[in-house]
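Colleague: Let me give you the structure first, and then I'll get to my questions.
The values are calculated or read from the model by the stated rules, or taken from the named source; none is laboratory data. From a predicted model like this one, the values you see are computed outputs, not experimental measurements. When we count neighbours, we look across all protein chains shown, and the Cβ atoms used for this are built from the backbone with ideal geometry, even at glycine. The area values use the complete protein model at the heavy-atom level, side chains included, leaving out ligands, DNA and RNA. Shrake-Rupley method; radii C 1.70, N 1.55, O 1.52, S 1.80 Å.
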Amino acid sequence: MSALDLPLREQAAAIASGEADPVELLEASLARIEERNPALNAVVETFPERSREMLDATSAGPLRGVPVVIKDEWPLPWRAQRFGAAEMTSPTSPGESGPYRALRDAGAVIVGVANMHELGSSSTGNASVYGPAHNPWNTGRCPGGSSSGPAAAVAGRLVAGSVGADGIGSIRYPAAYCGLTGLKPTFGRSAMEGHHLAAVTTTIVSGPLCADAADCRLLGSALFGEELSPGGASGLRIGVVDDVVSEDVAPDVREACEAAIEALREESGGEVRRVELADILTSSLATVLIANAEGLAGVTPERLNRLHPDITPINRGFAKYRMLLPAAAVVKSQRVRTAMRRRLASLFEEIDVLAWPTVPAVAPPLEAPLVELPSGTLSADQANVRGGGLANLTGIPAVSVPVGLSGADSMPIGLQLQAAWGRDELLLDAAEALERANGRHWVESLAPLAGAEPTEA
C-alpha cells in the first residue's frame, strides 16, 4: 500500500516518525492526480513548484508534509479564487486566506485547487467553468455541490483530506454523495479570512472533508486553530422528527439511516427520542433568501450587465434575479432564524444530536439531476435544501457520515447529525461511535475509481 492510501492522520504520523518521506508523498499525490483526475475532474489546477516550496518551508506542525486540496472558493498567495466560474460577480485577487494560513501553519502542503459548482449555486456539482467534477463511485453521477471537487478528490483517493465551504449544505451534500465524512462547523469557529463574502456572510463556513471522523477532527483542528479533543459519546440522546426530511426519502436511504440511528443508539448506550421541530421547510426557504441576499455584496447592476458570456445562462439569470429579492422577505427570514434558534436551544436541552438523512436520495445523474421520492420527482436542489439549510440558518454544527450503499446502484448514503451551537466535538464523537457500530465498514469502503469495487455489508 502506498502511504498516499493511508488515512490523513496516519500519513501525518508516518512522516513525523520518519517512516514516510514527505517529498515522496507529495510526488505520489501529484502523480495520482495526473493518473486519476482526467476521469474525475476533481482538481482544476496544480502548481508543483509552489507545493514543493510549501513543503520546504514546513515546520513540525500536526499535518507536516501531508498533501491536501482546497476548494476554488479560497484565494492563495499565488492564485485568486474563481468560484467555479468564468467570472465572479465581485472582484477577487490572490492573497493569504484564512484556510491557507491554517493549512500552512499546520504544516500541510496544498497540492491543488479543487473544482466546485459554478458560483456555488447548487447542491449537485454538475456545472463549472472547468466542466463538472465526477463522482468516483459512478462518473455519470453528481459528486454533490458546491464542494464537488474536494469530495471527489478525497473519495478518489487523490488526497486524504480537503477543505471545502458550506453555505447551504455545500460540504454535507458532497460528503453524502461521495461516501465521506464532512463537517459543517459552528458558524464563526473555522477560518474564513479572505473569503469574498467574509465580511457579510452569516451562513458560510470552511470545513473538512475526509474519509472518517478522526481525520476530520485533525484537519478541522487546523481550520479551527484549536484542538478538537475527543470526549466520548456515551448515553447519547438522539432526536428524530416525523417530518418531510425523514419521511419524503427514497426507501434505501430511509432504511439505511434508520438502521444507523439504531446502531448509534446501541453503541452509545443511549436512547432515540421522537421530537417536534416546526417550520423545517420554512427555515430552508429563509436560509436561501438570506444567503442570496448576502451574496449581493459588491454586486452592481452595471457589473451584472457585463457578466462573462461563458457563465451558464441559468446562473446569469439567477445572479440578476437576486437583485429583485424584496428586503421585506429577507427581514422576515431573519425572524424565522431567531425563532428556529430559540426552538433549537430548547430542543438541545432534551437531546444531544438531531438525526435525519443528509440528502433524501443518492447522487442523481449529472445530465439530469432529478430524484425520485415518495412525493414525486424533484430536482436534487429542491429536495436537498430541505434537510441542509437549518444548520446554516441557525449556525449550529452538522456532520454527514456514510451509512450504506443503495441496493440498485451501489451509491453512498449519508446520515446527518446536528448538535447545539459549539458542540462540534460531540458530533465527531458521535460519528466515531457510529463507525464503531458498523465496524468502520462504510468509512473504509472504496469507490471504484479509488481502486476497489463497492461492497455491501
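Colleague: Anything in the range 213-235 that is among the acidic types (Asp, Glu), outside any loop (DSSP other than H, G, I, E, B) and open to solvent by 10 Å² or more (accessible area, probe 1.4 Å)? List them, or say none.
Modeller: Of everything in the range 213-235, nothing turns out to be among the acidic types (Asp, Glu), outside any loop (DSSP other than H, G, I, E, B) and open to solvent by 10 Å² or more (accessible area, probe 1.4 Å).
Colleague: Just checking, how many residues over the range 353-398 are touching a Leu at 6+ places or on another chain (Cβ under 7 Å), hydroxyl-bearing (Ser, Thr, Tyr) and open to solvent by 10 Å² or more (accessible area, probe 1.4 Å)?
Modeller: So the count comes out to 2.
Colleague: Specify the residue that is least open to solvent (accessible area, probe 1.4 Å); the eligible residues are those in the range 187-205 that are under 28 Å from Ala13 (Cα atoms) and not aliphatic (A, V, I, L, M).
Modeller: In this case the residue turns out to be Ser190.
Colleague: Being closer than 17 Å to Leu183 by Cβ and basic (Lys, Arg) is the filter here; which residues of the range 375-430 pass it?
Modeller: Within the range 375-430, just Arg423 meets the criteria.
Colleague: Further question: Quick check, is Val200 touching an Asp or Glu at 6+ places or on another chain (Cβ under 6 Å), touching a residue at least 12 places away in the same chain (Cβ under 8 Å) and over 15 Å from Gln418 (Cβ atoms)?
Modeller: yes
Colleague: So which residues in the range 104-142 are over 16 Å from the mean Cα position of the chain (by Cα) and of a type in the set (Ser, Thr, Tyr), if there are any at all?
Modeller: Ser128, Tyr130, Thr139
Colleague: Separate question: Can you find, within the range 399-416, the residue that is farthest from the chain's Cα centre (by Cα) among those that are open to solvent by 10 Å² or more (accessible area, probe 1.4 Å) and hydrophobic (A, V, I, L, M, F, W, C)?
Modeller: Filtering first and then ranking leaves Ala408.
Colleague: Given the options Val253, Val330, Val299, name the one that is within 21 Å of Gln418 (Cβ to Cβ) and open to solvent by less than 60 Å² (accessible area, probe 1.4 Å).
Modeller: Among Val253, Val330, Val299, only Val253 is within 21 Å of Gln418 (Cβ to Cβ) and open to solvent by less than 60 Å² (accessible area, probe 1.4 Å).
Colleague: Check off (1) more than 30 Å from Cys216 (Cα to Cα); (2) assigned to a strand (DSSP E or B) for Ser333 and give me the number that stays unchecked.
Modeller: The number of the failed condition is (2).
Colleague: Name the single residue, out of those in the range 92-112 being in contact with an Asp or Glu (Cβ under 7 Å, 6 or more places away or on another chain) and surrounded by 24 or more Cβ atoms within 10 Å (Cβ to Cβ), that is farthest from Glu226 (Cα to Cα).
Modeller: Gly112
Colleague: Another question, then. Just to be sure, is Ala165 in contact (Cβ under 8 Å) with a residue 40 or more places away in the chain, open to solvent by 10 Å² or more (accessible area, probe 1.4 Å) and more than 21 Å from Leu434 (Cα to Cα)?
Modeller: no
Yes/no per residue for (1) farther than 22 Å from Leu449 by Cα; (2) within 21 Å of the chain's Cα centre (by Cα); (3) of a type outside the set (S, T, N, Q); (4) modelled with pLDDT of 95 or more:
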{"site": "Ala13", "(1), (2), (3), (4)": "yes, no, yes, yes"}
{"site": "Glu19", "(1), (2), (3), (4)": "yes, no, yes, yes"}
{"site": "Val23", "(1), (2), (3), (4)": "yes, no, yes, yes"}
{"site": "Leu30", "(1), (2), (3), (4)": "no, no, yes, yes"}
{"site": "Glu34", "(1), (2), (3), (4)": "no, no, yes, yes"}
{"site": "Pro38", "(1), (2), (3), (4)": "no, no, yes, yes"}
{"site": "Asn41", "(1), (2), (3), (4)": "no, yes, no, yes"}
{"site": "Ser51", "(1), (2), (3), (4)": "yes, no, no, yes"}
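Colleague: Name the single residue that is surrounded by the most Cβ atoms within 10 Å (Cβ to Cβ) among those in the range 116-125 being assigned to a loop (DSSP other than H, G, I, E, B) and in contact with an Asp or Glu (Cβ under 8 Å, 6 or more places away or on another chain).
Modeller: The selected residue is Met116.
Colleague: I would also like to ask the following. Mind counting the residues in the range 278-296 that are under 14 Å from Trp356 (Cβ atoms) and surrounded by fewer than 18 Cβ atoms within 10 Å (Cβ to Cβ)?
Modeller: Of the residues in the range 278-296, 1 are under 14 Å from Trp356 (Cβ atoms) and surrounded by fewer than 18 Cβ atoms within 10 Å (Cβ to Cβ).
Colleague: Give me a count of the residues in the range 315-327 that are open to solvent by 60 Å² or more (accessible area, probe 1.4 Å) and outside any helix (DSSP H, G or I).
Modeller: Qualifying residue count for the region: 1.
Colleague: Which residue pairs have Cβ atoms under 9 Å apart, sit 6 or more places apart or on different chains, and have a first residue in the range 30-47 that is touching a residue at least 60 places away in the same chain (Cβ under 8 Å) and a second that is crowded, with 17+ Cβ neighbours inside 10 Å and of a type in the set (Asp, Glu)?
Modeller: Listed by first residue and then by second, the contacts come to Val44/Asp72; Glu45/Asp72.
Colleague: Against the condition more than 11 Å from Ala108 (Cα to Cα) and either open to solvent by 70 Å² or more (accessible area, probe 1.4 Å) or at pLDDT 95 or above (or both), how does Pro7 come out, does it pass?
Modeller: For Pro7, the condition - more than 11 Å from Ala108 (Cα to Cα) and either open to solvent by 70 Å² or more (accessible area, probe 1.4 Å) or at pLDDT 95 or above (or both) - is met.
Colleague: Here's another thing I want to ask about it. Kindly establish whether Gly144 is buried (at least 24 other Cβ atoms within 10 Å of the Cβ), in contact with a strand residue (DSSP E or B) (Cβ under 9 Å, 6 or more places away or on another chain), assigned to a loop (DSSP other than H, G, I, E, B) and at pLDDT 95 or above.
Modeller: yes
Condition check ((1) farther than 22 Å from Arg79 by Cβ; (2) free of Cβ contacts under 8 Å to residues at least 24 places away in the same chain) across all residues:
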{"position": "Gln11", "(1), (2)": "yes, no"}
{"position": "Ser17", "(1), (2)": "yes, yes"}
{"position": "Ser51", "(1), (2)": "no, no"}
{"position": "Arg64", "(1), (2)": "yes, no"}
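Colleague: Another question about this same structure. Check Phe83 against each of (1) aromatic (Phe, Trp, Tyr); (2) open to solvent by less than 20 Å² (accessible area, probe 1.4 Å); (3) over 17 Å from Ala191 (Cβ atoms) and name the one condition it does not meet.
Modeller: Every listed condition holds for Phe83 apart from (2).
Colleague: Name the single residue that is nearest to Glu96 (Cα to Cα) among those in the range 236-251 being touching a helix residue (DSSP H, G or I) at 6+ places or on another chain (Cβ under 7 Å) and in a loop (DSSP other than H, G, I, E, B).
Modeller: Per the criteria, the residue is Leu236.
Colleague: Considering each of Leu281, Leu289 in turn, give the residue that is in a helix (DSSP H, G or I), in contact with a Ser or Thr (Cβ under 8 Å, 6 or more places away or on another chain) and at pLDDT 95 or above.
Modeller: When all the criteria are applied, what remains is Leu289.
Colleague: Separate question: In the set Thr58, Thr89, which member is touching a residue at least 60 places away in the same chain (Cβ under 8 Å) and on the phi < 0 side of the Ramachandran plot?
Modeller: Result of the check over Thr58, Thr89: Thr89.
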